[in-house]
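Here's the structure we're looking at; comments come further down.
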């Protein structure tokens, strides 16, 4: 009896042990899943606003450059010598607009308009021609020269131009440089030209007839050109314009040398608009002076921002302007040179 009781007790203990083990296995803690990572929203950087375009009250009439200064004062059209003996010139890189035209033989002379910049030294100043006076009058300029041709002086005597004669004001508002020989050594300054104009009782306050300009983001159509050669019949006077992509303008060379300023030697003459026009030339005297037809219109070549296009030119109120398909073309904002040649095909070559 006692054995059976002992076996029963033992059996109960075994069953209880087994149940206890199973319960223990069932209650083993299962580690919880890792908590979800906190989601941090990444803010996209806000685009930087484009800088506001500065608004100007005015723009200079010959360059289109904006300014808050008054611009209703006259320009000076100054005759600048361009022979080898006159180079490098002074203040030429500061001119807003320049006409280059043959004066006699193979020598060109430059009609440089000063308005937006006011150089401390300008020159060498040289003699007038009648067609330069007509070109000057297209911008209502006060014309400055040192002497001139008989045809030019006839226009002066008829009162066809407001004129400053450098020979009259020599030693007063113009001076002679000891570094060069006459007649390549006459100089002036913008400040002195103001004084000379006041002494001559010329009106100084009057609007300049303005050029028209492209918007800053306008795409210019045309064929690519990096080099333009203008042949005036002499290696010492031939001109080359080389495109500088960083400057987005053409650097002028003449006689095989870069055109720099005499005083500011690091300042090269750069051109944003190069307009080459074909005009009829006729020699009229033994010196080689010419009569040039600046009124009839003709063929032209307009070079801007590394491209060129063939156009025509017209004289509109005294200004030589590019025309295409009957419409006037606009200039880039900046400096403009207009080269006049007798024959476009023979005088000009372009390299892409």
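The values are calculated or read from the model by the stated rules, or taken from the named source; none is laboratory data. Given the structure is predicted, the values throughout are model-derived calculations rather than measurements. Cβ coordinates were reconstructed from backbone atoms using ideal geometry, including for glycine residues, and neighbour counts include every protein chain displayed.
Here's the yes/no breakdown for (1) assigned to a strand (DSSP E or B); (2) modelled with pLDDT under 55; (3) under 30 Å from residue 124 (Cα atoms):
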{"position": "5", "(1), (2), (3)": "no, yes, no"}
{"position": "8", "(1), (2), (3)": "no, yes, no"}
{"position": "15", "(1), (2), (3)": "no, yes, no"}
{"position": "19", "(1), (2), (3)": "no, yes, no"}
{"position": "24", "(1), (2), (3)": "no, yes, no"}
{"position": "30", "(1), (2), (3)": "no, yes, no"}
{"position": "49", "(1), (2), (3)": "no, no, no"}
{"position": "69", "(1), (2), (3)": "no, no, yes"}
{"position": "72", "(1), (2), (3)": "no, no, yes"}
Revision key, fill the gap. Within segment 162-185, residues buried (at least 20 other Cβ atoms within 10 Å of the Cβ) and within 31 Å of the chain's Cα centre (by Cα) come out as 162, 163, 164, 166, 173, 174
Revision key, fill the gap. Considering segment 80-101, residues that are within 18 Å of the chain's Cα centre (by Cα) and in a strand (DSSP E or B), and then whichever is surrounded by the fewest Cβ atoms within 10 Å (Cβ to Cβ), we arrive at 98
Point to revise | Close pairs from segment 332-352: first at positive phi, partner part of a strand (DSSP E or B) and buried (at least 16 other Cβ atoms within 10 Å of the Cβ), Cβ under 7 Å, at least 6 apart | key: 334/249; 334/273
Check your understanding: Which condition number does residue 232 fail, the rest of (1) in a strand (DSSP E or B); (2) touching a helix residue (DSSP H, G or I) at 6+ places or on another chain (Cβ under 8 Å); (3) farther than 21 Å from residue 96 by Cα being met?
Key -> (1)
Check your understanding: What pairs can you find where one residue is in segment 55-79 and surrounded by fewer than 12 Cβ atoms within 10 Å (Cβ to Cβ), the other is in a strand (DSSP E or B), and their Cβ atoms are less than 9 Å apart, with a gap of 6+ or different chains?
Key -> 55/66; 57/66; 57/67; 68/58; 69/58; 70/58; 72/58
Revision key, fill the gap. Filtering segment 146-161 down to residues that are within 16 Å of residue 197 (Cα to Cα), touching a strand residue (DSSP E or B) at 6+ places or on another chain (Cβ under 6 Å) and either without any contact (Cβ under 8 Å) to a residue 60 or more places away in the chain or not in a loop (DSSP other than H, G, I, E, B) (or both) yields 156, 161
Check your understanding: Counting just the residues of segment 186-210 that are touching a residue at least 24 places away in the same chain (Cβ under 8 Å) and closer than 15 Å to residue 91 by Cβ, which one comes out surrounded by the fewest Cβ atoms within 10 Å (Cβ to Cβ)?
Key -> 191
Practice item. Return yes when residue 226 is over 17 Å from residue 301 (Cβ atoms) and within 16 Å of the chain's Cα centre (by Cα) and no when it is not. Key: no
Check your understanding: Can residue 36 be described as at pLDDT 95 or above and either closer than 26 Å to residue 230 by Cα or not in a helix (DSSP H, G or I) (or both)?
Key -> no
Review point. Does residue 300 satisfy being buried (at least 19 other Cβ atoms within 10 Å of the Cβ) and without any contact (Cβ under 8 Å) to a residue 60 or more places away in the chain?
Key: yes
Revision key, fill the gap. Scanning segment 279-297 for residues that are in contact with a helix residue (DSSP H, G or I) (Cβ under 6 Å, 6 or more places away or on another chain) and either crowded, with 23+ Cβ neighbours inside 10 Å or not in a strand (DSSP E or B) (or both) gives 294
**Study point:** Residues within segment 102-138 that are in contact with a helix residue (DSSP H, G or I) (Cβ under 6 Å, 6 or more places away or on another chain) and assigned to a loop (DSSP other than H, G, I, E, B), tallied
**Key:** 5
Practice item. Within segment 103-125, count every residue that is more than 17 Å from residue 269 (Cα to Cα) and either surrounded by fewer than 24 Cβ atoms within 10 Å (Cβ to Cβ) or free of Cβ contacts under 8 Å to residues at least 40 places away in the same chain (or both). Key: 4
**Study point:** Residue in segment 244-256 that is in contact (Cβ under 8 Å) with a residue 12 or more places away in the chain, more than 21 Å from residue 334 (Cα to Cα), touching a strand residue (DSSP E or B) at 6+ places or on another chain (Cβ under 9 Å) and in a loop (DSSP other than H, G, I, E, B) present
**Key:** yes
Check your understanding: Are any of the residues in segment 322-336 touching a helix residue (DSSP H, G or I) at 6+ places or on another chain (Cβ under 8 Å), under 16 Å from residue 241 (Cα atoms), surrounded by 20 or more Cβ atoms within 10 Å (Cβ to Cβ) and at pLDDT 95 or above?
Key -> no
Point to revise | Selection status of residue 143, in a helix (DSSP H, G or I), in contact (Cβ under 8 Å) with a residue 24 or more places away in the chain and surrounded by 24 or more Cβ atoms within 10 Å (Cβ to Cβ) | key: no
